[in-house]
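The values are calculated or read from the model by the stated rules, or taken from the named source; none is laboratory data. Keep in mind that what you see is a predicted model, and the values were worked out from it rather than measured. With ideal geometry, Cβ positions are generated from the backbone for all residues, glycine too; neighbour counts draw on all protein chains shown.
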Amino acid sequence: MRSNQAWTLGKARRGALGLGAAGLLGLSAVGVTPAMAQSSQITVVVHEIKLIDRVDALSQADIFVRATIAGETKATPPMKQTGRPGEVIRTELTLSGAVKPGTHAVKLELLDKDLRSDDTIDINRIADRRVLEFTVDTRSCRIGGFVSTYRCKQRITRAGAEKKAAQITFSVEVNK
Ligand SMILES: [Ca+2]
Ligand SMILES: [Ca+2]
């Protein structure tokens, strides 16, 4: 983000010194810069994953976390684990996305890497819903979409109850 911004400023300065079309390009780049300076960052931190039942019937569990923050999807590398039921994996996995100040949708998924298609592990206690979807207000630092409202840095624990279920503990941080 920072280097990107520096690049934009550099380009704007060069453009402003030029004439004609280059000067016009420079002016439009200057117009973009203030919005970028106002951007915030939403980070999802996964602290603990507890496998409730066997998540991979044929091979080892190699789970990973995927987060979609304001429409942009990011994933962690798969973790090599034995995948025994009851196993607790303590971690500090982080996934971040740059956003404009305001309220944004976040989707959090726990998956098991598979040869054919990745398997979504159930972390949502609601039937037929395996992923967690919530909102983050970067201004008030409130996490919405759950029965109770959480705040930034507060630990949230959720568990699924369907086949291939796990419990996940995570928190959300906002950098302005
Ligand atoms: Ca697997
Ligand atoms: Ca469920």
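Screening Leu132, Leu95, Leu115 for residues that are touching a Phe, Trp or Tyr at 6+ places or on another chain (Cβ under 9 Å) and either of a type in the set (Ser, Thr, Tyr) or under 24 Å from Ala61 (Cα atoms) (or both) leaves exactly one candidate, Leu132. Filtered by the rule that a residue be at pLDDT below 95 and not in a loop (DSSP other than H, G, I, E, B), region 65-91 gives Met79, Lys80, Val88, Ile89, Arg90, Thr91. For region 163-176, a tally of residues being crowded, with 17+ Cβ neighbours inside 10 Å, away from ligand 1 (no atom under 16 Å from the Cβ) and farther than 17 Å from Leu93 by Cβ returns 1. Output yes when any residue across region 96-113 is in a loop (DSSP other than H, G, I, E, B), within 16 Å of ligand 1 (Cβ to nearest atom) and touching a strand residue (DSSP E or B) at 6+ places or on another chain (Cβ under 9 Å), and no when none is. Yes, some residue in region 96-113 is in a loop (DSSP other than H, G, I, E, B), within 16 Å of ligand 1 (Cβ to nearest atom) and touching a strand residue (DSSP E or B) at 6+ places or on another chain (Cβ under 9 Å). Only one of the listed residues (Asp112, Asp137, Asp118) is more than 16 Å from ligand 2 (Cβ to nearest atom), at pLDDT below 95 and not basic (Lys, Arg). That residue is Asp118. In region 132-146, the qualifying residues are those that are of a type in the set (Ser, Thr, Tyr) and in a loop (DSSP other than H, G, I, E, B), and the one that is surrounded by the most Cβ atoms within 10 Å (Cβ to Cβ) is Thr138.
Do we find that Arg116 is assigned to a loop (DSSP other than H, G, I, E, B), within 12 Å of ligand 1 (Cβ to nearest atom) and more than 18 Å from Phe170 (Cα to Cα) in this structure? So Arg116 passes the test.
Scanning region 53-67 for residues that are farther than 14 Å from Thr91 by Cα and surrounded by 20 or more Cβ atoms within 10 Å (Cβ to Cβ) yields a count of 3. When the test is whether a residue is under 22 Å from Arg54 (Cα atoms) and more than 15 Å from ligand 2 (Cβ to nearest atom), Ile89 passes it.
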